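Heads up, the thing below is written out as structure tokens.
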Amino acid sequence: MSEKNNLTKRNTLVNQLISFITICFFIICLMQQVHPVFAQADFETPPILQAKSVLKPEIIKGKYHTVGEQVKNNGLFNHYTVETPFGKFNANSTRSLRQLVNEINAIAIMEKVETGDIATQAVKQSGENVVSGVKNLFTDPEGALEGAASGASGLFNRAKETIGKRETTDAEDSKVKQLIGMSKAKGQIANKYGVNVYSRNQRLQEELNRLGQADYIGGLGVGVATSFVPGAGGLLLSASGAARLLQEAINTTPASELWVQNKKKLLEMMSDADTVKLFLNNPVFSPDLQTVLVAALEALKGVANRELFIKVALQASDPDMAKTITEIAVMSAGYHKHIAPLKSFAPLARITRALRADGTVVILLPTDYIVWSEKIADVTNSLTNNQKKSEKAGFELWTLGALSKRAQSEMETMGWKIHTDAGSQLIRQK
């Protein structure tokens, strides 16, 4: 009888244990199934937008381009595809798209300029010697760029730089002079068509090289290359005022001279020469981006830790990152001049945040469309919770684009002041 009771108790315990394990198993399974659903409910997924909802009609379609209907967003920037008679292009932000559309229109007009065999004969005449001259010119950024002023880095589809000791000869000096003249002609033509001579648009570079070579060696003449073409010159310029003048100066100043000028200005701002050199030799920063960034930092004179932008720039590993960092610096300079004086800059992840004298935190982003992602939520929460509170302290976000309703609501609930489509306030043309 006793053994029977013991057996019954054991069976009961086993059944209870099995029931407990089963319940735990179902709970674990339920948690595994529900957790991703919670994640999806808590944060937004970057959307697929429609071009007509984020762009003006003239940007969506023109005589020489059509923007794809679907626009992919990565939580910060919009990515566009563009069909043209010259091939398919991609633009990784709305500002890049506007620049691309301007370049496509310029290419179409530049194609109408007949150069005959001038450019072809010029290339044959120069042959490998000219290409060698371009390569040798950039083997020593410290010596060659300071010693032999030349803006030829964009010629011949930007001939690859070689690494090694630079050897200077009398023959090379004559090549340098030739290259300076060709580069100057190319820059003047870029100004006439309202484009950036350092653009990474290879199709545009082909046209600039063709006209630049024909003008310099064949005597085509910059005026001839543009004056008889309908729509050339100022009609193609998308910028005005100071921004246009700066771009024109960059186009016609040799790259090496820009390099030297930027180095001198940066060394006046910061004492770490190694950091300056690393920044100037970062290949993802083209001469124009370097110059614009330095100009923005000059406009921030008196703001503590402005050199932080240069340290942040060392992390840039592609042209899009370099462009974003430069645009943040330009926006910061615009805020400092037109909105309110800034006191200092501090790190924010891989970018920067600005501080006003009253303690207000200012975040400036050249983004297109911000969604409430986990990353945005973490940064916003961290800034809001860690910032020392004071009667006047607050939080501001300035963006060139917009936010999702959810993102704007969440940030405003935390006390943030949101300023969207802020380009006209920060980046004024006059």
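Values quoted throughout were computed directly from the atomic coordinates according to the rules given, and no laboratory measurement underlies them. As the structure is a prediction and not an experimental result, all values here were calculated from the model. Note that we place each Cβ from the backbone using ideal geometry, even for glycine, and neighbour counts take in every protein chain shown.
Which value results when the Cα radius of gyration for the stretch 255-426 is divided by 2.2 N^0.38 Å? Please list the in-between numbers first.
Values: Rg = 16.3 Å, N = 172, 2.2 N^0.38 = 15.6 Å.
Normalised Rg, Cα atoms only: 1.05.
Going down the list Lys264/Lys323; Lys323/Lys405; Lys263/Lys417, which pairs span over 29 Å between their C-alpha atoms? Present the calculation step by step, with values, prior to reporting the outcome.
Values: Lys264/Lys323 22 Å; Lys323/Lys405 27 Å; Lys263/Lys417 37 Å.
Distance filter (> 29 Å) returns Lys263/Lys417.
Given the stretch 302-426, what percent of its DSSP beta bridges are antiparallel, to the nearest 5? Provide the component values of the computation, followed by the final result.
Details: 8 of 20 bridges.
So the antiparallel bridges amount to about 40 percent of the total.
May I ask you to compute the full-extension gain from Lys52 to Glu298, defined as 0.36 nm times their residue separation minus their alpha-carbon distance, rounded to one decimal in nm? Before the final figure, lay out the partial values.
On the way: separation 246, 0.36 × 246 = 88.56 nm, distance 3.86 nm.
Result: 84.7 nm gained on full extension.
Within the set Lys72/Lys112; Lys52/Lys375; Lys61/Lys112; Lys72/Lys277, which residue pairs have Cα atoms separated by over 32 Å?
On the way: Lys72/Lys112 34 Å; Lys52/Lys375 28 Å; Lys61/Lys112 21 Å; Lys72/Lys277 37 Å.
Pairs exceeding 32 Å: Lys72/Lys112; Lys72/Lys277.
Among Glu114, Glu298, which comes first, second and so on when ranked by fewest other beta-carbon atoms within 10 Å? Write down the numbers at each step before the final one.
On the way: Glu114 9, Glu298 14.
Lowest to highest Cβ neighbour count: Glu114, Glu298.
Hey, can you grab everything whose amide H is under 5 Å from the amide H of Ala422? Only 5+ residues off in sequence or another chain; H modelled, so Pro and N-termini drop out.
Thr399, Leu400, Gly401
As an exercise, use a Förster radius of 35 Å and the Cβ-Cβ distance of Leu246 and Leu383 to find the FRET efficiency, rounded to the nearest 0.05.
On the way: r = 32 Å, r/R0 = 0.93.
That gives a FRET efficiency of 0.60.
What ranking of Met110, Met269 emerges when the number of other C-beta atoms within 10 Å of each C-beta is taken as an exposure proxy, fewest first? Can you show the working numbers first?
Numbers: Met110 23, Met269 16.
The fewest-first ordering by Cβ neighbours comes to Met269, Met110.
Pop the C-beta distance of Asp42 and Gln202 into the FRET formula with R0 = 56 Å and round what comes out to the nearest 0.05. Could the numbers behind the result be given before it?
On the way: r = 43 Å, r/R0 = 0.77.
Computed FRET efficiency for Asp42 and Gln202 comes out at 0.85.
Near the amide H of Asp368, under 5 Å away, which other amide H atoms are found, from residues 5 or more places off or on another chain, if H is placed in the peptide plane?
Result for Asp368 returns Phe77, Asn78.
Ranking Met182, Met321, Met414 by Cβ neighbours within 10 Å, fewest first, what do you get?
Working: Met182 24, Met321 17, Met414 14.
Lowest count first: Met414, Met321, Met182.
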